[in-house]
Structures are given as structure tokens and as C-alpha cells.
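Novice: One structure coming up, written as C-alpha cells, with questions to follow.
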Amino acid sequence: MEIVKRHPELGYKMVIQMDIPKIVAEIAHNHHEKINEQDTLAIKRKSGSVYDQIVSIIDVYDALISDRPYKKAISFHHAINILFIEGKTSFNPALLHKFVEIVYNKILK
């Protein structure tokens, strides 16, 4: 589990050595940064790009709906509820709403 927790750092170190845009390495490094209740948008704007914020939402969603060695997958609806609960303190609200809109449209079609 300690190695899993280091995946943003390890991903950054791996990607920064590749011949691809630096933003990809920055996303790998920053996608677990969270906003907080005191000044959500101002803090998030300082701590990560919009790309980091989008990948952070997707990463949490994927972790919730997927089986992992340490937990079972949960349902789509349960995952969305958790995202909204966590979203109050962890995600950019506008991006979270857009993500859920896109996922709902994809699943309901």
C-alpha cells in the first residue's frame, strides 16, 4: 500500500524522462491534490491545473467502481454519491458536475 501511495511521484519521475509534453508529468504528480473547505477554488487554482483536477475526479471514480486488491468495486450510483460527498471538500464543483453529466449521458445511452 505504501508503494501505491507513491504512484503520483513515481509516475512523475517516469514520465518526465519521456519525450512528451511536461504537462503529462505534472498531471501524474498532482492528480491527488485536493481543494479544501476554506477557499476551495483559490486553493485549487494555486495547487493544480484544470487537467490535474479532471484526472483527480476520474481517478477517484475509477478507484470506486473497480475491484482492487484491498477493496471490492461499488455501484455506479454509490460512486456518484461518494464523489458528491467528497466533492464538497476535494473537487472543483463545476468540473465534478460536468463529469457526472458526461458519465450519466454515457451510461444512460
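The values are calculated or read from the model by the stated rules, or taken from the named source; none is laboratory data. As the structure is a prediction and not an experimental result, all values here were calculated from the model. Note: ideal-geometry Cβ built from the backbone for every residue, glycine included; neighbour counts use all protein chains shown. Calculation scope for accessible area: heavy atoms of the full protein, side chains included, ligands and nucleic acids excluded. Shrake-Rupley method; radii C 1.70, N 1.55, O 1.52, S 1.80 Å.
Novice: Could you tell me whether segment 48-109 comes out rounded, prolate or oblate from its Cα gyration tensor? Rule is a ≥ b ≥ c as square roots of the eigenvalues, rounded for a/c under 1.5, then prolate if a/b exceeds b/c, otherwise oblate. Please report the intermediate quantities before stating the final value.
Specialist: Details: a/c = 1.73, a/b = 1.23, b/c = 1.41.
Since a/c reaches 1.5 but b/c is at least a/b, the shape of segment 48-109 is classed as oblate.
Novice: Expressed as a whole percentage, what fraction of the accessible surface of segment 55-109 belongs to carbon and sulfur atoms when a 1.4 Å probe is rolled over the protein heavy atoms?
Specialist: Details: 2200 of 3490 Å².
Summing carbon and sulfur atoms, their accessible area is 63 percent of the total for segment 55-109.
Novice: May I ask you to evaluate 6.51 cos²θ - 1.76 cosθ + 1.60, the Karplus curve with θ = phi - 60°, for each residue of segment 57-69 and list the ³J(HN,Hα) values in order in whole Hz, giving x for glycine and proline?
Specialist: 5, 4, 4, 5, 4, 4, 5, 6, 8, 10, 5, 10, x
Novice: Pop a pseudo-label 7 angstrom from the Cα along the beta-carbon direction at both ASP62 and PHE84 and give the gap in nm to one decimal.
Specialist: In this crude spin-label approximation the distance works out to 2.5 nm.
Novice: At 1.4 Å probe size, with every protein chain present, just tell me what the per residue accessible area of segment 68-109 comes to in Å².
Specialist: Accessible area per residue, segment 68-109: 70 Å².
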